[in-house]
1. Per residue of B:101-111, how many C-beta atoms from partner chains lie within 10 Å of its own C-beta, taken as a mean?
2. Along segment A:66-78, what does the Karplus equation 6.51 cos²θ - 1.76 cosθ + 1.60 (θ = phi - 60°) give for ³J(HN,Hα), rounded to whole Hz, x for Gly and Pro?
3. Net charge around B:PRO220, counting only other residues with Cβ within less than 12 Å of its Cβ (Lys, Arg = +1; Asp, Glu = -1)?
4. Can you list the residues, at least 5 places off or on another chain, whose amide H is less than 5 Å from the amide H of B:HIS147, using H built in the peptide plane?
5. Which order do the peptides A:91-99, A:70-78 take when ranked by the mean count of other beta-carbon atoms within 10 Å per residue, highest first?
6. Could you give each residue of segment B:149-164 its phi-based ³J(HN,Hα) in whole Hz, using Karplus coefficients 6.51, -1.76, 1.60 with θ = phi - 60°, and x for Gly or Pro?
7. Amide H to amide H under 5 Å from B:ASP201: which residues, 5+ apart in sequence or cross-chain, H placed 1.01 Å off N in plane?
8. FRET efficiency for B:VAL176 and B:LEU235, Cβ-Cβ distance as r, R0 = 41 Å, nearest 0.05?
Amino acid sequence: MRHKIAAAACAVLTLVAIASLEAHHSPSAIFDMAKHIAVTGTLTRIDWINPHIVLAVEARGDGGKIDQWTFQSNPPSWYRSVGLARADLAKAIGQTVTVGGVRARDGTLYGYMDKIKLPDGTSLELVNGAESK
Amino acid sequence: MSNRLLGVIACAILIQGVALAQQTHPDLSGVWSYAIDRAPAALKKEQNGKVTLQKIDQSARHGSVGSVGGVLPSTPKPSYKPEFQARVKELSDHESKTDPVFYCGKPGVPRIGPPRKIVQLPNEMIFLYEDISGDPYRIIPTDGRPHRARANPSHYGDSVGKWDGDVLVVDARNFVDDTWFGEDGYIHSDAMRVIERIWKDGENLMWQATVEDPKMLTAPWTMPARLTKPSAEALEESPKCVETDGPRLLNDDHHLQR
């Protein structure tokens, strides 16, 4: 398990770091690359904007209160180049999804998404191109 | 018909043929790969037990220029006059907070790189780009006219083009001075002039730029050439750019991007 977590963190570090090639700061300036999280809740919004797409998720947190999570991910043009359109994610708005990623160092409900599981069971994940060969 | 008249006609045809040949230039028209580096990651999709992997083809953006003819000698970095070196270093050290491009700013010329689409017309070239700051265009006369006398300074400048053999040479000037012409804090003055050379290598597009700024640089800087492959990916309007990460940055970490 420990190995699995380490491997996942490493993949995210690589992925998010190289994602920033599009014109941005390093994700390590914001996100704790060692803190991988998974949030299950209702997908409420998708902003297909630069420099990162943004997803909003309402999830039930500690004590039953509703947490409003915001995740960014790779740029729109990156998703376009791997054949994913906004509509592929937007069809899940209002439904339950599970978003995986790394969390902001400042402790806010903010993260970088590297995986999402959609209501129909489809799983989309950013993986290291080198590892996937 | 006299031999003399036949000779005149033959000469006229020959002269016209030579003139036509001189006007025939390589056709640079086409759609070229996206100008900005993309993460060489892949999207893994699992659906009903079936796994597919969609990878990014980085080679389309970073072809090898090793054996391509026409490439000018280049250096990795520009040479700033001593009085600007500390400022450039400071900007570079804090790039994640100081680079206009990080905050949806326009990259300008030459930072935007080779165009995504070229439309070559007899008297002008049309360059189309995709960029997160918007989708700029440049219309570059190639009919010998001079630079516009009263054009306002801009991020993409005022350009004219001419052919040097099979190479299109674009002379761009009249820039605003709030862009960087490259990473690492490459600021410039309003005296910057950029010479872009664009040519074909087989089916690929070659692009190489030289930056001149007599106010800030000790000498013109010729950047490494870039080879870009043809693309079947249609141009698409860039979504608006909304940068919200600035206040969250806890350090100066950043990565190369353009």
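Laboratory data are not the source of any read-out in this text; all were calculated from the coordinates shown. For clarity, every value in this text was computed on a predicted model and none was experimentally measured. Positions of Cβ are generated from backbone atoms using ideal geometry, with glycine treated the same way; all protein chains shown enter the neighbour counts.
1. On the way: counts 4, 5, 3, 4, 1, 0, 1, 0, 0, 0, 0.
Mean number of neighbouring Cβ atoms from other chains: 2.
2. 8, 9, 9, 8, 10, 10, 9, 8, 4, x, x, 5, 5
3. Working: positive: B:ARG193; negative: B:GLU212, B:ASP213.
After counting each charged neighbour, the total is -1.
4. Distant-sequence amide H within range of B:HIS147: zero hits.
5. A:70-78, A:91-99
6. 6, 10, 5, 6, x, 8, 5, 9, x, 10, 10, 10, x, 8, 9, 10
7. For B:ASP201, whose amide H was placed from the backbone, the distant partners under 5 Å are B:MET206.
8. Between B:VAL176 and B:LEU235 the formula returns 0.95.
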